[in-house]
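Below you'll find the structure, written out as structure tokens, and then a few comments.
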Amino acid sequence: MKQTIKNQVKRVSIALAVMAAFTAFGTGTTQAAATFTRADITLDIAGNLACGFRETGLGTYSQITYDCGAQALGVVSGCYVKNKFVGPTSTAVFHNVTAEESVALLAKNNGTINTTITVAAPESHGGGAICTEPAESRIVAVRWCNASLVDMTNGIVGATSSELFAQLARTGTSVVAVPTCAELQAAPPTP
């Protein structure tokens, strides 16, 4: 009988120790660390920067702030008459291009955010192609340099891209020079 009671006390002690350990570590209630399960940076058909991502491990209905942007952007514009390139061209340079305001998103009840943030190229207030009637100005090409997607709330980088280029309009046989990322980063921004 003494042996049976001794064994039962031993089992209860082990069970209590296991329960205490689970309680101390919070097993079953811990939340996974925030992580990007998918993140990419591309250009849409208009040449805008698109940061698409899925982040998991966020708190239920938590508000997360994201930054999608690039260190430099070059926008080459040219003159067109009836969809035919007639020149001349001009290049607008922008530095530290991000969304107008920081983007704050609310996580779902399962702690995930799955979306795309689009950053449009800013409009230049000077230095644009000077087109005379009947010519119209169009964006010929864009080059985004050192783009990144960052979860600012948790300090996690989702994706980076050193260079993204898109030719948006044809120029026929004319060659249009588009500055390199090194040239764009060294150039003063267009007013």
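The values are calculated or read from the model by the stated rules, or taken from the named source; none is laboratory data. Note that the coordinates shown come from a computational prediction; the quantities given were computed from them, not determined experimentally. All Cβ positions, even for glycine, are placed from backbone atoms using ideal geometry, and neighbour counts span all protein chains on display. Surface areas here come from the heavy atoms of the whole protein model, side chains and all, with no ligands, DNA or RNA. Shrake-Rupley method; radii C 1.70, N 1.55, O 1.52, S 1.80 Å.
Structure summary
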| quantity | calculated |
| --- | --- |
| Given charges at beta-carbon only (K, R positive; D, E negative), |dipole| of the range 35-186 in Debye | 420 |
| Cα centroid separation - the range 115-187 against the range 63-101, whole Å | 4 |
| Descending Cα extents along the principal axes, the range 35-186, whole Å | 56, 31, 26 |
| Protein-only accessible surface order, largest first, of 53, 85 at 1.4 Å | 85, 53 |
| Projected label distance in nm at residue 102 and residue 132, using a 7 Å step from Cα toward the beta-carbon | 5.0 |
